[in-house]
Amino acid sequence: MNQLFIIIIIAGTLLLVSSLTRTLKICRKSEISAWYFLFYFIILFIIGYIGILYYFIYFKLDSILVSTVACILFGGGGFVYLVIKLSYNSLITIEEAVEVQRYQAEHDILTGLPNRKMFFKSLSHIISQSTPCSILFIDLNDFKQVNDSFGHHCGDQLLIATAHALKSNLSHHGSLYRLAGDEFAILSTYQSENGLKECIHLITNSVHAPLKVEKQQINVNLSIGVSHYPQDSLDMYELVKHADLAMYEAKKTNQSLVFYNTELSQREGEILLMTNRIKGAIEQDEFLLFYQPLICSKTNQQHGLEVLIRWPQADGSFLSPDDFIMVAERSSLILSVTKWVVIEAVKDLKALHAAGFTGMLHINLSAQDLKSNEFYDYVVALFNQDPSISKVIIFEITESAMMTNIQGAKEMIIALNAIGFQFSIDDFGTGFSSLSLLRELSIKQIKIDRSFVNGMLNQKADYAIVKSIIFLAKQLGCEVIAEGVENSEVEKELIDLDCDFLQGFHYSKPVPLEEIRHKYLNHKAS
Ligand code: C2E
Ligand code: CA
Ligand code: CA
């Protein structure tokens, strides 16, 4: 009978022994000294169990005592075994959860590529080893249009397909990261020029054929900016900024690849300077508005005025909007500029009305203005103060601005149309036309770009374009304006082609408000 209890004690001892390896693993993983204490405690227990076994085997003892002690020892062994096993399993589960979390923190969920955090980690590691490397910033051109035209799901699928194409082509030539949105980066430790060339060739080749996304064949064009360590900088953040600058330059100049050079930084510095000057000009109320007449071709009378911003300089000259509007657009200051233009134009309108002006005021908008609700809210607030303004203001949006943000432009046009504001498409013919937008939206006017008007009597192609735009506008029920009319020959031809309105130096250059006001006042008086 006692033999059975001795076996039970041996089983308890074995349970303790088998807990030892797991306890040791826990000790190593957790590095908490209490677990080491427990480990030695279990060893002591094992020695104690063996001592009791020895005592029970060699001395004849009361079987009740033996059975009670055997059960207690077995229970103790089982208890320790269970506690250690459960603790170990919990630790493994926690470890796995931490691992998943770490993976998610360092990888992009959509494409599975390592993310921005990992990119900086790897770059920092490469630089700490002083290994020469190239940083390639890659951006998808016109990705926004894919999102706008085919939906965000399709946009996501395109990113996945692009990531896959890049990764599978690149193989061991560099590591690919997704930094944000449609921005990818490659870290290439190739030191030879040929190695880098090969890497770039592989990148461009990977999107050479259209990518198939949800039954659509989408052409992907990339803009790539490259900076080199250590030539372009020793600082990680500066290197990244340089690659970004080069990529931005590639995008802006429609090139697929630009290598960083110091001139880019210099220009960036100038842009920064100009940005600060624009900020100051807004705060100090330095801008002015000039007005250029639009002439009705049938009556030869002034039909309206285009509002054109001017920036007087300390030396008495004026800075052209062409020199600062683009910088304001890049730095998102444009919304403040546009708001200033609108409020000042509305004020001037009152003075013009008092002088006898009854025409329309044309105000230029930028692509950025269409993006935010802020501009809409601002215009609605002005409209609520004086609802009559929507009948006398036409907003001009360039064709290219409309195309950079089709959805935003559509929504803004529909929303402002609803309270009576009209829209004119500026610089028509120079952008990436979407005739379907003309069909879908209620567009009051089309403005033929002056580059076609200027050359229409000498260039057959320009003449054909002007004639076709006038025809198109008429068919769509839109009014048509020709800008850049500089002489009576062009004027005559445009009248013959039945162009509704004319604008240009032939009639008047843009002039200050006072000049226009006086003209009306004199007209009234005579
Ligand atoms: P735009 O909207 O196409 O404005 C017409 C430009 O053509 C004006 O230049 C005007 O002075 C010029 N122009 C008018 N008639 C003739 C002509 O017969 N011959 C020639 N060669 N040029 C003519 P400006 O005022 O320098 O403005 C340049 C551009 O700056 C504008 O082009 C417009 O895109 C932008 N801009 C001007 N004011 C504003 C504004 O308040 N807001 C925004 N967002 N952009 C503005
Ligand atoms: Ca305009
Ligand atoms: Ca124009």
Query raised in the report: Of all residues in segment 385-440 being of a type in the set (Asp, Glu) and more than 15 Å from ligand 1 (Cβ to nearest atom), which is nearest to residue 485 (Cα to Cα)?
Result: 440
Query raised in the report: Any idea which of (1) farther than 27 Å from residue 310 by Cβ; (2) hydrophobic (A, V, I, L, M, F, W, C); (3) more than 16 Å from ligand 3 (Cβ to nearest atom) is the one residue 456 doesn't satisfy?
Result: (3)
Query raised in the report: Checking residue 308 against (1) within 32 Å of the chain's Cα centre (by Cα); (2) away from ligand 3 (no atom under 16 Å from the Cβ); (3) in a strand (DSSP E or B), which single condition isn't satisfied?
Result: (2)
Query raised in the report: If a residue has to be more than 16 Å from ligand 1 (Cβ to nearest atom) and of a type in the set (Asp, Glu) to count, how many in segment 457-508 make the cut?
Result: 4
**Report entry** Residue count, segment 380-417 (criterion: assigned to a helix (DSSP H, G or I), polar (S, T, N, Q) and within 16 Å of ligand 2 (Cβ to nearest atom))
**Finding:** 1
Report summary line: Residues of segment 282-320 being small (Gly, Ala, Ser) and loosely packed, with under 14 Cβ neighbours inside 10 Å, in sequence order, are 314, 316, 317, 320
Query raised in the report: Among the residues of segment 350-377, which ones are over 19 Å from residue 416 (Cα atoms) and either in contact with an Asp or Glu (Cβ under 8 Å, 6 or more places away or on another chain) or in contact (Cβ under 8 Å) with a residue 12 or more places away in the chain (or both)?
Result: 351, 352, 355, 356, 357, 359
**Report entry** Search result, residues across segment 135-156 that are among the hydrophobic types (A, V, I, L, M, F, W, C) and outside any strand (DSSP E or B)
**Finding:** 143, 146, 150, 154
Query - Residues satisfying the stated conditions in segment 439-453, i.e. out of contact with any strand residue (DSSP E or B) (no Cβ under 6 Å at 6 or more places or on another chain) and either surrounded by fewer than 20 Cβ atoms within 10 Å (Cβ to Cβ) or β-branched (Val, Ile, Thr) (or both) - result: 439, 440, 441, 442, 450, 451
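For segment 64-78, state whether one or more residues are surrounded by fewer than 11 Cβ atoms within 10 Å (Cβ to Cβ) and more than 60 Å from the chain's Cα centre (by Cα).
Yes, that holds for at least one residue.
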Query raised in the report: In this structure, is residue 428 assigned by TED's automatic domain parsing to the domain that holds residue 390, farther than 20 Å from residue 373 by Cα, among the aromatic types (Phe, Trp, Tyr) and crowded, with 20+ Cβ neighbours inside 10 Å?
Result: yes
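The values are calculated or read from the model by the stated rules, or taken from the named source; none is laboratory data. These figures come from a predicted structure and were not determined experimentally. Note: ideal-geometry Cβ built from the backbone for every residue, glycine included; neighbour counts use all protein chains shown.
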